[in-house]
């Protein structure tokens, strides 16, 4: 069954965000890319980054082709792993902040961006943006900041919201900063800010996105945020609200391809539902400005870790039946399924280890915690081309391959 609703437009003036500081450098040319992948003459991997998998108390670095364990590095009991965008670096969220993991060396470097509650990391058009939930501070730096090594903290620009909250920020090609608005108790929307020397000026805002969460950027820099009652689009210096077909219709994560206008989002319409398994997705066409909910077959259930975009701009859903289901965002139809792992159950807590999928090119990397395994799957054929059994239970997964 498909349910469909069209958008309603919304824009509201927001006040209360304040600029605290900028660092010592003017942002680099926003038209620039992320730069060349750095090289390391002392590494057999040269410029080739790797796959990182967290486990309780550590991180395993894997060869992207064979999945051989290249190194095991001690870390916090629970860490999150975030692709930095340079084909080499992983931003590891630890108790100290965002610590840079060099997957080529490999080593956890001494470069740490202090954060009391490190949250989302967003990469777009040559900028990597870190958000500290504990202070509401956005830190902006060039994605190629470590091209010459990890000898110290690079130049950054910072912006701090009026109140700390679980938020996210992105910098667009023209330098516009789009960032969430909220407090520790609630989140309401987002604001777009234009940079001017040592400050930002508000360009647009919306307070029509309760519980705003997550971010994804589709074709033509269409930025989507999830709301508890739909989604919020920012494009062309204006916000547009999409209303869900249900009174409570939460989208929390956006899965995008920058060559497709269609965003695939997760979807939950029962605020009292227990657990973290979901059985429907949203399809948001940012060009046509439509919002659609597609209910999946009963056997296809997933969590926030289990959707990725891949070859052909298709979506790939790692389901509790142990298969990767192929979803065509254009039609909303499931067009294929590849068995990869054994059937699994949803986690009791979101942090608990459960299967996850990340895609690089045609290859999907899939964790199977019940077997302490990681698999590499060719998404063009469905073939499992490599498997490794670890000495630990894999949890978070990130890919840093140039």
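Here are some notes:
- Highest mobility in the GNM of the chain, judged by mean-square fluctuation with C-alpha springs under 10 Å and restricted to 63, 378, 198, is found for 198.
- Residues 196, 124, sorted so that the one with the fewest Cβ neighbours within 10 Å comes first: 196, 124
- Convex hull per residue volume in Å³, alpha carbons only, for the stretch 78-151: 80 Å³
- The chain: relative contact order in percent, alpha carbon pairs under 8 Å with at least 6 residues between: 15 percent
- Distance between the stretch 120-159 and the stretch 219-288 - C-alpha centres, whole angstrom: 26 Å
- Principal axis analysis of the Cα atoms in the chain yields extents of 54, 53, 34 Å, listed in decreasing size.
- Percent RCO, i.e. relative contact order, over the stretch 284-385, from Cα pairs under 8 Å lying at least 6 residues apart: 19 percent
- log10 of Debye I(q)/I(0), alpha-carbon scatterers only, for the stretch 303-402 at 0.14, 0.22 Å⁻¹: -0.48, -1.18
- Ranked list, fewest to most other Cβ atoms within 10 Å of each Cβ, for 123, 191, 171: 123, 191, 171
Read-outs throughout are calculated quantities, based only on the coordinates presented, and are distinct from any laboratory measurement. Predicted model, so just to flag it, every value in this text is computed and none were measured. We place every Cβ from the backbone using ideal geometry, glycine too, and count neighbours over all the protein chains shown.
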